[in-house]
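Reviewing the structure listed below.
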Amino acid sequence: DHIFEKVNPEMEKLGYECKCLGGGKIEHNSKDKKIRVFGLSTGYGKADHSVTVEILKKEYADYEITWSDDKK
């Protein structure tokens, strides 16, 4: 929630209406070109990690990107 609370006011200034659909963590290993999406937000619950992965694949096409419901 800390990131959403920081970003949301700036997005609203630009005319966007934002809603947090959940949270989690992203582990980025640039050396091995791997990204892992996992976990959840205590305040917002778990995001749909499969959606996050599809977004990340656009920018990190040469990475191995995985997701799980693991908390750690």
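The values are calculated or read from the model by the stated rules, or taken from the named source; none is laboratory data. This one's a predicted model, so the numbers in the text were calculated from it and none came from an experiment. Using ideal geometry, Cβ is built from the backbone for each residue, glycine included, and neighbour counts are taken over all protein chains shown. Just so you know, the surface numbers come from the protein's heavy atoms only, side chains and all, with ligands and any DNA or RNA stripped out. Shrake-Rupley method; radii C 1.70, N 1.55, O 1.52, S 1.80 Å.
Of the residues in the range 15-22, not one is open to solvent by less than 40 Å² (accessible area, probe 1.4 Å) and in a strand (DSSP E or B). Limited to the range 34-60, what total is found for residues that are under 10 Å from the mean Cα position of the chain (by Cα), among the β-branched types (Val, Ile, Thr) and open to solvent by 70 Å² or more (accessible area, probe 1.4 Å)? Total satisfying the criteria: 2. Taken over the range 1-14, the residue count meeting the criterion of being in a loop (DSSP other than H, G, I, E, B) and exposed (fewer than 11 other Cβ atoms within 10 Å of the Cβ) is 1. Kindly evaluate LYS31 against the criterion of being out of contact with any strand residue (DSSP E or B) (no Cβ under 9 Å at 6 or more places or on another chain), open to solvent by 80 Å² or more (accessible area, probe 1.4 Å) and charged (D, E, K, R). Judged against the criteria, LYS31 is a match.
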